[in-house]
């Protein structure tokens, strides 16, 4: 959950590193630092805080060098402070290292190194690794690349690292295991290394994604060479980035989150494009075509994910069970591997992750794959770890999501799950032809209807202003809307720091109703559908306790309008597609409340994007 960027070339490294760290700051913003090599001179600047704090810290100090590494941190071992910030330096002062991940056996290695005279300054596991590499380099009399390889044979855990040696300023060594690392190949011998492609795309479109257990040696004289932990030489596989630079800019919006909320008509349309064919009346998902029969014959589908992706999976449960009539279980990926789950060879496991790098989801995949299940991935990042380790899958085509609180990724994931459920339902014969065609047409109209909901932002902002000082909130929904209630509550608490909980509406009277008073905002999804009358009854229960009701209703509704304090209408839509519309007002309410409370919307405290540690 830290951001890594590195450069070796003929330009000054510092401006490239700082700009790269700005693009990676969504991965961690507790502290930041850079190390620069200018000939044989190694200079390190680091401090607690954001990248802007690092810039202020460096201002006026020496920062020359055409080789450098940069890091923005999300703290795991040790509090966020200047000392624990990366890069970390060896006892000899020769080596500097940045690291994303966790070294699980750092404690015994640290004690052993102390007996050999190593002095540690920080609380981090990362510093132990740079000392270990330094110790091996000196005692075994090997070069940096071999010292890194030997050191990594000794460590347990996850890592993406880049290491510099001031004795050899023409070389940079990078390695990865269970944590992403991509190498950009520029012109005139330039090379870039980063946690993801966002810092690279403005410099080159040619990239190499390191695989687990691979070590890259970037040499100004000899170019890029890759080998693995077992010292076997690997041929770099160069790919072309599909990302565009403008997708990484705010584009006139105040925050990335607001931009990404407003991008949802396009991101949903892009997730449908080439897959939904109205003329032929079919859904084609090329990424899983070879596994369609596995889906058709599946006795059970398991869906794993974390956070917002888990909520998307819950919507998928309703979709697959109603449309394809396949039993579904939705699991927190973080719990899945630790409860010895029963997994059969005829199970389908769908792993959902925005980044494609989520450590808990990767661990769940490895467990299920080892037991013979078919693994289908749904992720947003081309070339990501999950995209490479699954049997098949579908990209969401949402485009880069920079805001830490996920928005367009959720609706894109739900869109892909909807396409999957419709396709499998048609092939299993569990959806009539007329219903299938009607749903296809309704799904095709979703982007325009999302755009219409976004048009109500002024009204939603007005409601946000009324409830911005609330200390608690309750979100209620039934059926397809229950996962949206969970997602709405998550958005509010993660960016505005207001405590919020999502519940099935009928469960309110089994406990949460005790919390309701005249100060409690209760957000309810009360659209026309199978559970409408029941939700109306739940609203009446809230009003009887003087709660404030903010209801999402179907256009033209008069019943709920007469009961609720505020209503937000959305276009009429079949029940399976309601989540794609009803989540939009919740995203906007959370955003505007957070802005009004003075919160950092794109970088909420204690959080980071792309959770690459367990």
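Just so it is clear, none of the values below were taken in a lab; they were calculated from the coordinates. Remember, it's a predicted structure, so these values are computed and weren't measured experimentally. Methodologically, a virtual Cβ is constructed for each residue, glycine included, from the backbone with ideal geometry; neighbour enumeration extends over all protein chains shown.
For the reader, a short list of remarks on this structure follows.
- Modelled label positions at residue 442 and residue 229, each set 7 Å beyond Cα in the direction of Cβ, lie 5.0 nm from each other.
- With Cα atoms, 0 to 90° folded angle of helix 106-115 axis to the chain main axis: 20 degrees
- Computed as a quarter of the hull surface, the mean projected area of the alpha carbon convex hull for region 365-474 stands at 11.0 nm².
- Report note on the peptides 51-60, 164-173: ranked by the mean count of other C-beta atoms within 10 Å, highest first, their order is 164-173, 51-60.
- Once the C-beta distance of residue 10 and residue 507 is scaled by a Förster radius of 56 Å, the resulting FRET efficiency is 0.35 to the nearest 0.05.
- Only beta bridges with both residues in region 224-363 are counted; by DSSP, about 30 percent of them are antiparallel.
- Here each label is just a point 7 Å from Cα along the line to Cβ, and for residue 428 and residue 600 those points are 4.5 nm apart.
- Helix 125-140 vs. the chain, principal-axis angle (Cα, 0 to 90°, nearest 10): 30 degrees
- Restricting the calculation to Cα atoms, region 444-517 shows an Rg/Rh of 1.02 when the hydrodynamic-style radius is the Kirkwood one.
- According to the calculation over all Cα-Cα pairs in region 394-535, the P(r) per 5 Å bin from zero is 2, 8, 13, 17, 20, 17, 11, 7, 4, 1, 0 %.
- Region 563-596 and region 205-284: distance between their alpha carbon centers, rounded to Å: 31 Å
- Once divided by 2.2 N^0.38 Å, the Cα radius of gyration of region 207-263 becomes 1.77.
- Taken along the Cα-to-beta-carbon direction at a fixed 7 Å, the label points for residue 451 and residue 540 span 4.0 nm.
- Over all pairs of different C-alpha atoms, region 498-614 has a mean inverse distance whose reciprocal, the Kirkwood radius, equals 15.8 Å.
- Estimated D of region 1-61 in µm² per second, where Rh is the Kirkwood radius over Cα pairs and Stokes-Einstein applies at 20 °C, 1.002 mPa s: 180 µm²/s
- Peptides 339-346, 459-466 ordered by packing proxy, namely the average of other Cβ atoms within 10 Å per residue, highest first: 459-466, 339-346.
- Cα-based helix-to-principal-axis angle, 433-444 vs the chain, degrees rounded to 10: 60 degrees
- Cα-based radius of gyration for region 68-138, normalised by 2.2 N^0.38 Å, reads 1.02.
- Figure legend: label point modelled 7 angstrom from the Cα of residue 435 along Cα→Cβ; no residues of region 543-558 have amide N under 18 Å from it.
- Based on Cα atoms of region 183-335, Rg over Rh with Rh as the Kirkwood radius reads 1.06.
- In a fully extended conformation the segment linking residue 559 and residue 472 would gain 28.7 nm over its present Cα-Cα distance, using 0.36 nm per residue.
- Cα centroid separation, region 502-546 to region 68-137 (Å): 52 Å
- The DSSP beta bridges internal to the chain are antiparallel in roughly 65% of cases.
- Among 34-43, 379-388, the order from most to least packed when residues are scored by Cβ within 10 Å on average: 379-388, 34-43
- Every Cα-Cα pair in region 236-282 was counted, and those over 17 Å apart are 57% of them.
- At q = 0.18, 0.22, 0.30 Å⁻¹, base-10 log of I(q)/I(0) for region 377-434 (Debye sum, equal scatterers on each alpha carbon): -0.70, -0.88, -1.18
- Where the alpha-carbon atoms of region 453-567 are placed on the principal axes, they occupy 36, 33, 25 Å, in descending order.
- Neighbour-count ranking [beta-carbon atoms within 10 angstrom, fewest first] of 591, 497: 497, 591
- Two-site FRET efficiency, residue 325 against residue 459, from Cβ-Cβ distance with R₀ of 25 Å, rounded to 0.05: 0.05
- For region 523-581, pairs of C-alpha atoms spaced more than 14 angstrom apart make up 48 percent of the total.
- Averaging 1/r across all pairs of distinct Cα atoms in the chain and inverting the result yields a Kirkwood radius of 25.4 Å.
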